[in-house]
1. Within the group 209, 217, which residue is more than 29 Å from residue 145 (Cα to Cα), open to solvent by less than 50 Å² (accessible area, probe 1.4 Å) and not in a strand (DSSP E or B)?
2. How do the strands (runs of 3 or more DSSP E) wholly within segment 34-85 filter down when requiring 2 or more residues that are over 12 Å from the mean Cα position of the chain (by Cα): which remain?
3. Quick check on residue 148: is it over 18 Å from the mean Cα position of the chain (by Cα), outside any strand (DSSP E or B), surrounded by 14 or more Cβ atoms within 10 Å (Cβ to Cβ) and of a type outside the set (A, V, I, L, M, F, W, C)?
4. Mind listing whichever residues of segment 156-195 are out of contact with any strand residue (DSSP E or B) (no Cβ under 6 Å at 6 or more places or on another chain), aromatic (Phe, Trp, Tyr) and modelled with pLDDT of 95 or more?
5. Right, residue 161: of a type in the set (Phe, Trp, Tyr), without any contact (Cβ under 8 Å) to a residue 24 or more places away in the chain, assigned to a loop (DSSP other than H, G, I, E, B) and under 22 Å from residue 55 (Cα atoms) or not?
6. Collect the residues in segment 27-50 that are basic (Lys, Arg) and either surrounded by 11 or more Cβ atoms within 10 Å (Cβ to Cβ) or at pLDDT 75 or above (or both), keeping them in residue-number order.
7. For segment 51-98, which residues satisfy the criterion of being among the charged types (D, E, K, R), within 12 Å of residue 207 (Cβ to Cβ) and open to solvent by 40 Å² or more (accessible area, probe 1.4 Å)?
8. Can you name every residue in segment 164-206 that is over 17 Å from residue 138 (Cα atoms), part of a loop (DSSP other than H, G, I, E, B) and not polar (S, T, N, Q)?
Amino acid sequence: MNKTIWVLAMTVSIIGLQSLKSQNMKSIREKAKWMVQEPKTLEEVKEYAIGEWKSISVELRPTEDRTGSGTIQPTYLKRHFKYFEDDKFVGTITLYGDNYGQMPLMEFEFKGDLVWGVEHPIAEGAWKIDYVLNEGFAVTPLNEQTVQMLNTGLPEGMSPFENNVKKDILGKAFPMFHIEEGQIVSDYDLIYFKNGLLFMGAKHVDGTPFDKVENRPHQLQIPLERI
């Protein structure tokens, strides 16, 4: 009886290992397929984008000082983007207070429509794209210091922020972010794929945001990898 149970256990184990090996091989084949594809036309790029993408590691970018001092601040962050078939997207940016992502500060979640434009001159297969934040713009403070900062000069009628609690500020005035009442925020960017990686536009060295068409980026940023 014990021998029979042992044989059954070994059989199940072998089948499990074979299944795991098969899944790993499928994953490798999928990654290889994405690596060799280089979408060029708008339709190819739109189809290739569908799915989830994330930062390879913590990224560094210049950001203008929100107080209007003109000082350029270093910002450490990670990005996570989802693209859907119906020209919709959800983006999440997590800010950190250090180089290695050990001190989370704040998380932004924004979602809405993708507006595809014409080809971008930075590279063959690059396209202009606008992110219209018309379905959600949420802020989540990730420590008490950030809570205090966000609650300083809070717009009238807005309830205070709480640690690790997401608050949607879509359509609400928020002077700290230079957002006016009823304003729908848009980001004027670019998108490009190479070797299975997603490239967006590099931030301007003076920290200028992509909040106007004339501020659309001209270079490529650190890429995202497909999940």
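The values are calculated or read from the model by the stated rules, or taken from the named source; none is laboratory data. Quick caveat, the model's predicted, so the values are computed rather than measured. For neighbour counting, all protein chains shown are included, and Cβ atoms are generated from backbone atoms with ideal geometry for every residue, glycine included. In case anyone asks, the SASA skips ligands and DNA or RNA and just uses the protein heavy atoms, side chains included. Shrake-Rupley method; radii C 1.70, N 1.55, O 1.52, S 1.80 Å.
1. Details: 209 fails: more than 29 Å from residue 145 (Cα to Cα).
The conditions single out 217.
2. Details: elements: 51-55, 59-64, 72-83.
In segment 34-85, the matching strands (runs of 3 or more DSSP E) lie at 59-64, 72-83.
3. Against the criterion (over 18 Å from the mean Cα position of the chain (by Cα), outside any strand (DSSP E or B), surrounded by 14 or more Cβ atoms within 10 Å (Cβ to Cβ) and of a type outside the set (A, V, I, L, M, F, W, C)), residue 148 does not qualify.
4. 193
5. no
6. If the condition is that a residue be basic (Lys, Arg) and either surrounded by 11 or more Cβ atoms within 10 Å (Cβ to Cβ) or at pLDDT 75 or above (or both), then 31, 40, 46 are the ones that fit.
7. 64, 66, listed by residue number.
8. Passing the criteria: 196, 202, 203, 204, 205, 206.
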